[in-house]
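Below is one structure, written out as structure tokens; the observations come after it.
No lab work stands behind these numbers, since they all come straight from the coordinates. None of these values were measured; they are calculated from a predicted model. Note that we place each Cβ from the backbone using ideal geometry, even for glycine, and neighbour counts take in every protein chain shown.
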Amino acid sequence: MDEAASLELMRLSDWSRVVSVRLVHHLPAWEPDYYAADIVITSDLVNAQLRIHVTLEDLDQWAEALDRIESDEHQPTEGEALTVDWPAAGRQGYLRFIAEDPYVVEVHDAPQTQVSVRVPLDMDEDWIKEARQRLDAVSRLLGRDG
């Protein structure tokens, strides 16, 4: 994976829709280690971009979220679908991942405009493996073990 591709932290997609998170640069935007990133939605209906800032802790939280989602796929729980906010809701815009069939990713621009977009995604079965590969590539680029 080349450096440009390794800046893509997340790519959740199906045949016609994509929600991705891409680091703007591999150097921190400011201390302590806040990295500028763009959440990008591409679909036939909506194309949008939202600037956020992620930390190394956010990368760890995405790894934990992938573990939870994968565990839930193998041992589904009764009741409500597993829901994960990333980065943690509150300080800026964020993604809300809902493990339904199909998966749903909501992009929330909170607390700024309070606009949100809901994107259903019929992702293939290898998406978690690919998500881990992207996370590992970004982690290595930032000088961390993947």
Label assignment, Rg/Rh (Cα atoms, Kirkwood Rh) derived from the structure, set [x] 0.94; [y] 0.99; [z] 1.11: [x]
Under 20 Å from the residue 60 label point (7 Å along Cα→beta-carbon), backbone N, the range 127-144: 132-144
Candidates 114, 61, 49, ranked by Gaussian network fluctuation over the chain, Cα under 10 Å, top entry: 114
Phi-based couplings in Hz for the range 59-65 (Karplus 6.51, -1.76, 1.60; Gly and Pro marked x): 4, 4, 5, 5, 4, 5, 4
Residue of 120, 102, 87 that the Gaussian network model of the chain assigns the largest fluctuation, springs spanning Cα pairs under 10 Å: 102
